[in-house]
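What follows is a short report on a single structure.
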Amino acid sequence: MEDITSFKELNLIQPLEKAVTKQGYTVPTPIQSKSIPGLLEGKDLIGIAQTGTGKTAAFILPILQRMTEKYPRIIKTLVLTPTRELAAQIGDSFSVYGEFLKFKHTVIFGGVPQRNQCLALAKGVDILVATPGRLLDLMNQRKLTLKDVEFFVLDEADRMLDMGFIHDIKKIIAKLPHKRQSLFFSATMSPEINKLATSLLKNPIYVAAAPQATTVERVKQCMYFVDSSDKEKLLLDLLKQEHLTSVLIFTRTKHKANKVALFLEKHKVSADAIHGNKSQNARTKAIKDFKTGKVKVLVATDIAARGIDIENISHVINFELPNEPESYVHRIGRTARAGAEGTAFSFCAADERNYLRSIEKLIKQKIEIVKHEFHSEAAEKAIGSAAKPRRRTGRQSSRRSKRGSSSQQSNRSQRGNKSSRNSKPKSNNKPKRSFRR
Ligand code: AMP
């Protein structure tokens, strides 16, 4: 199957082939060429693939083909996905790939009034893309039924578990007919994910596309040791000095995302922030402005940015290192979409050294250090300094506290180490700015 080099060989029906051609795709991505033939035969699938690999088309195209151009307007396909942005994006992909077919789809997610979603459901749809919470709400209100579902996709399963959706997912799966085709996608594999996949799939084909290292390899990565108090200055400096045209900045907290965006706006850099406290409309507008170039910098938290499909991000900047090393891979992958190359800058303060260590262990490489005006010797030398415990708030906090990620545990175990946070941050004889690239 891996020898497939053109969409023609996948034997897609003409309306799908036309849509793919219209998108300018000529060669299927590895996950597409490995998945589509088996999926067209009706097999279940477990796909280890991140966003950016073309996995959305890998499941949408065969599903649309197998739905066989009958339009009864009952839910035959259900796609479950963790975030509203991803749901909206998958909905858009159904419009794109299904342009020359007559299926109707709708997207439902929380954080917005349910009225319009209920109206769309009442009119009848063939395809439903949903986040688990809102789907369960509407199921409980009997606004929809899953009894006719023939195709079920569980997308970003690892993130679902991370976000504490496991119970919701189990309740939803319990309402699906036994006779169905199930597709399961996850960026990472763990015993917990494997258990969920096994409970869901029958004799699945297994496809692993673009292992994490592949994305990592395509991204030029630079590490900036800097005191926390100098991060904003360094950021401003980089944004002015480099040819950074479209920059996605990551912070660990919503508060910090807001703070960085406000700081940039104050310094005449067009910026906006997206995170879970922003209304859906504000998030949609921020992403649109970023995509169209109206806003040069988008500041995001990990969950808000997960899976958002924005092409041509020139740079990812980790204003704060993530406390889960896998998030680093997801973050920097945002600048290397569908084969493109990208650049990622990371700021590391003394109290983030443990995060850096976990990241380098995961990606199995040392990230190149860049010396710069605000270089912090303290941060560079702070090997083994303690990282602050992860602080979570609200719904997510209570959900996540029930489990515990391995990286959190590893950070916790390292926390007893000596901290060098009190070291003097900057010496008087600062190293000259020299962007080693
Ligand atoms: P996904 O991993 O599904 O989020 O897709 C990532 C990006 O790859 C999207 O912008 C798609 O439009 C694009 N894409 C998907 N399949 C192909 C393909 N065969 N050739 C070129 N680009 C593609």
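Figures for the structure shown
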quantity	calculated
Scope the stretch 81-114; condition of a type in the set (A, V, I, L, M) and within 16 Å of the ligand (Cβ to nearest atom); matching residues	L86, A87, A88, I90, V96, V107
Hey, T29 in contact (Cβ under 8 Å) with a residue 40 or more places away in the chain, surrounded by 23 or more Cβ atoms within 10 Å (Cβ to Cβ) and within 10 Å of the ligand (Cβ to nearest atom) or not	no
Selection from the stretch 32-68 of residues that are part of a helix (DSSP H, G or I) and near the ligand (Cβ under 8 Å from one of its atoms)	Q32, K55, T56, A57, A58
Filter result for the condition that a residue is crowded, with 16+ Cβ neighbours inside 10 Å and either outside any helix (DSSP H, G or I) or out of contact with any His (no Cβ under 6 Å at 6 or more places or on another chain) (or both), over L101, L119	L101
Scope the stretch 280-313; condition assigned to a loop (DSSP other than H, G, I, E, B) and more than 16 Å from the ligand (Cβ to nearest atom); matching residues	G293, K294, V295, K296, T301
Enumeration of residues in the stretch 56-70 that are surrounded by 15 or more Cβ atoms within 10 Å (Cβ to Cβ) and out of contact with any Gly (no Cβ under 6 Å at 6 or more places or on another chain)	T56, A57, A58, F59, I60, L61, P62, I63, Q65, R66, M67
Some residue of the stretch 367-377 being in a helix (DSSP H, G or I) and either modelled with pLDDT of 90 or more or not assigned by TED's automatic domain parsing to the domain that holds V299 (or both)	yes
Y206 being out of contact with any Pro (no Cβ under 9 Å at 6 or more places or on another chain) and crowded, with 21+ Cβ neighbours inside 10 Å	no
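The values are calculated or read from the model by the stated rules, or taken from the named source; none is laboratory data. Please read all numbers here as calculations on a predicted model, not as lab measurements. Cβ: placed from backbone, ideal geometry, glycine included. Neighbour counts: every protein chain shown.
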